[in-house]
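So the structure is just underneath, and the comments pick up after that.
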Amino acid sequence: MPNELDAPVRIDNMGNYLFNGILLAIVALAVLEALLVSVLHRRREFGVLHAMGLSARETSVVVLAEGLILAVVSGVVGMGVGLGVVSILGHTGLDLSAAFGDQLSISGAIVSPIIYPTLHIARAWQGTIVVLALGVLSSIYPMWQASRID
């Protein structure tokens, strides 16, 4: 007989993946926008570099490096903030009693309204790898635009 909390946990996990997917799409668009605006504002600089002998491939590498640096810095800052919040809330807990009262009921089970988050290293690394991959993927179109500048 399956556990009564199994279905709500699976639904919660699916909602978490959906929310994270939407959030990562927003992050990818933000990185794309930042790199594309950066490339478009520096058209003259790239043109001068091309005139001095920089190839289209080398220009693409410069833009890719910018995207990677942006992804790495944002990943490190995000991991630092996330680890700090989880560390603090892991000791003090997140008290939801103001919103749900003293007893919180999930599928008939009464649980504490104070939540203590835990850190799952595998998920943290998954998120970091996804952010780096999004940084690279978001750099492709700006790379192409930069390589086409005369």
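The values are calculated or read from the model by the stated rules, or taken from the named source; none is laboratory data. What you see is a predicted model; the values in this text were computed from it and never measured. Cβ placement follows ideal geometry from the backbone for every residue including glycine, while neighbour counts extend to all protein chains displayed. For the accessible areas, the whole protein counts, side chains as well, though only heavy atoms, and no ligand, DNA or RNA atoms are used. Shrake-Rupley method; radii C 1.70, N 1.55, O 1.52, S 1.80 Å.
Looking across segment 40-62, the residues that are more than 19 Å from Val73 (Cα to Cα) and either among the β-branched types (Val, Ile, Thr) or touching a residue at least 40 places away in the same chain (Cβ under 8 Å) (or both) come down to Leu40, Arg43, Phe46, Gly47, Val48, His50, Ala56, Arg57, Thr59, Ser60.
Residues considered: Val63, Val73. Of these, the only one that is among the β-branched types (Val, Ile, Thr) and open to solvent by less than 40 Å² (accessible area, probe 1.4 Å) is Val63.
For segment 127-150, the candidate set comprises residues that are within 10 Å of Leu35 (Cα to Cα) and among the polar types (S, T, N, Q); within that set, the residue that is surrounded by the fewest Cβ atoms within 10 Å (Cβ to Cβ) is Ser138. Helices (runs of 4 or more DSSP H) fully within segment 1-110 that include at least 3 residues being under 15 Å from Gln145 (Cα atoms): 6-41, 43-51, 56-92.
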